[in-house]
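Enquirer: Mind having a look at this structure? Questions to follow.
The values are calculated or read from the model by the stated rules, or taken from the named source; none is laboratory data. Values in this document were obtained by computation on a predicted structure and should not be read as measured data. Please note: Cβ atoms are built from the backbone with ideal geometry, for glycine as well, and neighbour counts cover all protein chains shown. For accessibility, only protein heavy atoms count, side chains too; no ligands or nucleic acids. Shrake-Rupley method; radii C 1.70, N 1.55, O 1.52, S 1.80 Å.
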Amino acid sequence: MASSKLVDDLRAVVGKANVLDAGLDLQLYGYDAYLVERRPDAVAFVHSTEEVAGVVRACNRHGVPFVARGGGTNLSGGTIPVKGGVVIEMIRMNKLLEVDAANLRARAQPGLFNLEFGNQLAPHGYQYLPDPASQKAATLGGNVGENSGGPHCFKYGVTTNHILGLTVVLPDGEVAELGGKAPDTPGYDLTGVFVGSEGTLGICTEVVARIVRLPEGVKTMLAIYDSIEAGSQTVSAIVAAGMIPATLEMMDQLVIQAVEASLKCGFPLDCATVLIIEVDGLIDDLDRQVQTISELCQAHGAREVRVAKNDAERAALWAGRRGAFGAVARITPSYLVCDGTVPRTALPVVLRKVAEVSKKYDLQIPNVFHAGDGNLHPLILFDWRNKEQQERVMKAGTEILELCVALGGTISGEHGVGIEKLDAMRLCCSDADIRAQLLVKRAFDPADLSNPGKIFPKPAEQEVGHGRA
Ligand SMILES: Cc1cc2nc3c(=O)[nH]c(=O)nc-3n(C[C@H](O)[C@H](O)[C@H](O)COP(=O)(O)OP(=O)(O)OC[C@H]3O[C@@H](n4cnc5c(N)ncnc54)[C@H](O)[C@@H]3O)c2cc1C
């Protein structure tokens with residue numbers, strides 16, 4: 001529980017109604033889309049950079065940790081206040097501040113939902129490309145925190161490739177501008193350091209994002225396969241043939257069945273897997289792209305390639321893909337979303353091995369993922385209330401990440417480390433690497449108040465210790 005003095009100080013900054021400290025309220029901010037819970041001591045709703053700075057300064061005075069929270073949709077426990085303290089809820093800082101079409105950039109507050117950002121840019125003829133499947137509920141600040149990806153990131157790059165500048169409140173309450181509107185800034189690329197730092201280096205309160213023209217046209221295809229091997233081989237074949245579609249997503253049979261049971265999007269129930277492939281660009285070139293990719297799919301074993309005939313058919317395919325995690329949640333009490341990457345050429349072998357892990361641990365593991373990026377999301381289904389199953393799931397998840405690393409990939413494609421993958425960091429980072437990253441953390445946050453307990457495995461944290469690096 002927060003001290004009454006801390007609560008008074010927070011209320012002095014954001015107003016009485018914008019601080020929660022009652023048990024049930026706190027419970028609601030003690031979990032995210034990962035599997036563990038820990039109540040904060042207080043929640044503060046902020047509306048401006050000044051309020052964020054004031055709340056952070058109050059936390060410093062009381063020596064209390066704080067964690068920024070957007071939509072709370074992250075899958076690695078990033079917003080769990082593992083050491084207690086204050087959750088700083090950013091969701092009311094949700095305005096699009098400026099569309100600067102001539103300079104291809106827009107300025108927005110971090111609590112703006114990713115989809116809403118897109119909806120507000122569209123009438124100007126522009127779009128923001130990173131598009132996590134959670135885009136209805138995920139905020140720009142959370143996208144920055146996790147360096148989020150999404151279906152379009154295969155062709156266009158992840159969040160870090162689209163953020164030009166950030167206004168941030170540093171962990172001691174000072175306000176800094178990182179990057180900016182100009183194409184490059186002298187000195188270290190601190191914008192790049194901040195993106196993906198999972199709230200551990202401070203809180204961003206404004207985002208300058210790259211925007212691009214909406215494409216003249218798009219076409220969406222569904223390639224249907226009777227074998228997962230054939231579907232996954234097609235992914236590399238498309239890229240090797242010089243085609244880079246806007247999206248290249250994969251869903252297997254169990255996911256399709258869950259999607260059809262809840263959303264009825266028209267996916268075939270009897271196939272092993274599907275690829276959802278979208279091409280974009282000049283209208284005159286779309287048919288050529290569709291033709292080439294369809295032939296490649298058929299040459300690699302697709303039993304059928306369907307092309308969406310209109311917006312409604314296209315929307316149905318995307319409703320199924322974007323709704324897949326939610327649909328799977330209807331068929332199981334809990335699931336662990338693994339998030340590893342492999343070189344896309346290794347997709348056939350890693351999917352075969354994930355199936356072996358599923359057998360070995362006697363757990364169902366459907367797959368829905370960003371195939372073009374080699375970014376896997378095996379979903380390990382289980383019941384969190386069953387302790388023995390929990391242990392099996394964690395072992396299976398670790399084994400999948402080990403496989404990814406052994407195949408030349410890594411332990412996170414887009415969901416971050418959070419608290420989920422603290423130990424897994426050692427699978428892909430040397431001691432020197434982890435130490436160098438911790439020194440960056442210490443330079444920004446010597447008192448270790450900004451989202452402590454995330455990213456760094458324990459012994460390394462103790463080696464470097466606290467205080468200025
Ligand atoms: C159904 C579903 C589908 C998903 N699909 C995708 C996907 O396709 N691609 C993908 O990459 N992810 C996906 N995710 C994961 C998640 O949606 C993303 O990580 C998203 O960007 C998190 O946004 P959020 O607003 O919910 O952030 P939160 O969960 O609130 O926070 C995430 C992290 O960012 C930090 N943070 C939040 N706001 C700020 C801020 N203003 N300044 C600094 N740090 C901040 C937090 O402290 C935390 O560490 C999915 C999740 C779900 C539940």
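Enquirer: Would you check if Gly374 is at pLDDT below 95 and among the small types (Gly, Ala, Ser)?
Expert: The answer is no for Gly374.
Enquirer: Does at least one position in the stretch 434-441 carry a residue that is among the aliphatic types (A, V, I, L, M), over 23 Å from the mean Cα position of the chain (by Cα) and open to solvent by 40 Å² or more (accessible area, probe 1.4 Å)?
Expert: The answer is yes; a qualifying residue exists.
Enquirer: Collect the residues in the stretch 288-308 that are without any contact (Cβ under 8 Å) to a residue 60 or more places away in the chain and either more than 25 Å from Asp252 (Cβ to Cβ) or among the hydroxyl-bearing types (Ser, Thr, Tyr) (or both), keeping them in residue-number order.
Expert: Across the stretch 288-308, the qualifying residues are Arg288, Gln291, Thr292.
Enquirer: I would also like to ask the following. In this structure, does Pro132 turn out to be open to solvent by 10 Å² or more (accessible area, probe 1.4 Å), within 11 Å of the ligand (Cβ to nearest atom), assigned to a loop (DSSP other than H, G, I, E, B) and within 24 Å of Leu178 (Cβ to Cβ)?
Expert: yes
Enquirer: Another question, if that's okay. What pairs come up if the first residue lies in the stretch 186-201 and is surrounded by 15 or more Cβ atoms within 10 Å (Cβ to Cβ), the second is of a type in the set (D, E, K, R) and in a loop (DSSP other than H, G, I, E, B), and their beta carbons are under 6 Å apart, counting only those six or more places apart or on different chains?
Expert: These pairs meet every condition: Glu198/Lys454; Thr200/Lys454.
Enquirer: Right, next: Could you list, in sequence order, the residues of the stretch 146-162 that are open to solvent by less than 20 Å² (accessible area, probe 1.4 Å) and either among the hydroxyl-bearing types (Ser, Thr, Tyr) or farther than 17 Å from Arg107 by Cα (or both)?
Expert: Ser148, Gly149, Gly150, Pro151, Cys153, Gly157, Thr159, listed by residue number.
Enquirer: If you go through the stretch 308-321 one residue at a time, do you hit one that is closer than 23 Å to His415 by Cα and in contact with a strand residue (DSSP E or B) (Cβ under 7 Å, 6 or more places away or on another chain)?
Expert: Within the stretch 308-321 (the criterion being closer than 23 Å to His415 by Cα and in contact with a strand residue (DSSP E or B) (Cβ under 7 Å, 6 or more places away or on another chain)), the answer is yes, since at least one residue qualifies.
Enquirer: Moving on to the next point. Does Leu254 count as open to solvent by 10 Å² or more (accessible area, probe 1.4 Å), within 16 Å of the ligand (Cβ to nearest atom) and either acidic (Asp, Glu) or within 23 Å of the chain's Cα centre (by Cα) (or both)?
Expert: Considered against the rule, which asks whether it is open to solvent by 10 Å² or more (accessible area, probe 1.4 Å), within 16 Å of the ligand (Cβ to nearest atom) and either acidic (Asp, Glu) or within 23 Å of the chain's Cα centre (by Cα) (or both), Leu254 comes out as no.
Enquirer: Out of the helices (runs of 4 or more DSSP H) lying entirely within the stretch 355-469, which hold 1 or more residues that are under 30 Å from Trp318 (Cβ atoms) and among the β-branched types (Val, Ile, Thr)?
Expert: Ranges flagged: 387-406.
Enquirer: State which residue is farthest from Gly71 (Cα to Cα) when the search covers only the stretch 21-41 and only residues that are touching a Leu at 6+ places or on another chain (Cβ under 9 Å) and without any contact (Cβ under 8 Å) to a residue 24 or more places away in the chain.
Expert: Asp21
For every residue, the table says whether it meets (1) among the hydroxyl-bearing types (Ser, Thr, Tyr); (2) out of contact with any Lys or Arg (no Cβ under 9 Å at 6 or more places or on another chain).
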residue: Lys219; (1), (2): no, no
residue: Ala223; (1), (2): no, no
residue: Thr234; (1), (2): yes, yes
residue: Val239; (1), (2): no, no
residue: Leu248; (1), (2): no, no
residue: Gln253; (1), (2): no, yes
residue: Gln257; (1), (2): no, yes
residue: Cys265; (1), (2): no, no
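Enquirer: Just the residues that are in a loop (DSSP other than H, G, I, E, B) and either open to solvent by 20 Å² or more (accessible area, probe 1.4 Å) or within 11 Å of the ligand (Cβ to nearest atom) (or both), please, taken from the stretch 333-343.
Expert: Selection gives Pro333, Asp339, Pro343.
Enquirer: Shifting gears a bit: Return the residue satisfying two criteria in turn: it lies in the stretch 344-360 and is open to solvent by 40 Å² or more (accessible area, probe 1.4 Å) and not aliphatic (A, V, I, L, M), and of such residues it is nearest to Gly374 (Cα to Cα).
Expert: Arg344
Enquirer: Which pairs turn up if I take residues in the stretch 46-75 that are within 11 Å of Val14 (Cα to Cα) and look for partners that are within 6 Å of the ligand (Cβ to nearest atom) with beta carbon separation below 7 Å, at least 6 apart in sequence or on another chain?
Expert: These pairs meet every condition: Val46/Met90; Val52/Ile203.
Enquirer: Within the bounds of the stretch 26-44, is there any residue that is assigned to a helix (DSSP H, G or I) and either open to solvent by 20 Å² or more (accessible area, probe 1.4 Å) or out of contact with any Lys or Arg (no Cβ under 9 Å at 6 or more places or on another chain) (or both)?
Expert: yes
Enquirer: Moving on to the next point. When Val208 is evaluated against the numbered criteria (1) within 20 Å of Ile88 (Cα to Cα); (2) assigned to a strand (DSSP E or B), which criterion, by number, is the only one it fails?
Expert: (1)
Enquirer: Pairs needed: first member in the stretch 327-349, farther than 15 Å from Gly397 by Cβ; second member anywhere, charged (D, E, K, R) and open to solvent by less than 40 Å² (accessible area, probe 1.4 Å); C-beta distance under 6 Å; at least 6 residues apart or different chains.
Expert: Hits for this filter: Pro333/Asp383.
Enquirer: Further question: For the stretch 96-116, which residues satisfy the criterion of being in contact (Cβ under 8 Å) with a residue 40 or more places away in the chain, within 12 Å of the ligand (Cβ to nearest atom), open to solvent by less than 30 Å² (accessible area, probe 1.4 Å) and outside any loop (DSSP other than H, G, I, E, B)?
Expert: Hit for the stretch 96-116 is Ala108, nothing else.
Enquirer: Look at Asp270 and say whether it is without any contact (Cβ under 8 Å) to a residue 40 or more places away in the chain and in contact with an Asp or Glu (Cβ under 9 Å, 6 or more places away or on another chain).
Expert: The answer is yes for Asp270.
Enquirer: Given the options Val305, Val357, Val342, Val350, name the one that is touching a helix residue (DSSP H, G or I) at 6+ places or on another chain (Cβ under 7 Å), farther than 23 Å from Glu420 by Cα and of a type in the set (Val, Ile, Thr).
Expert: Going through Val305, Val357, Val342, Val350 in turn, the sole match is Val305.
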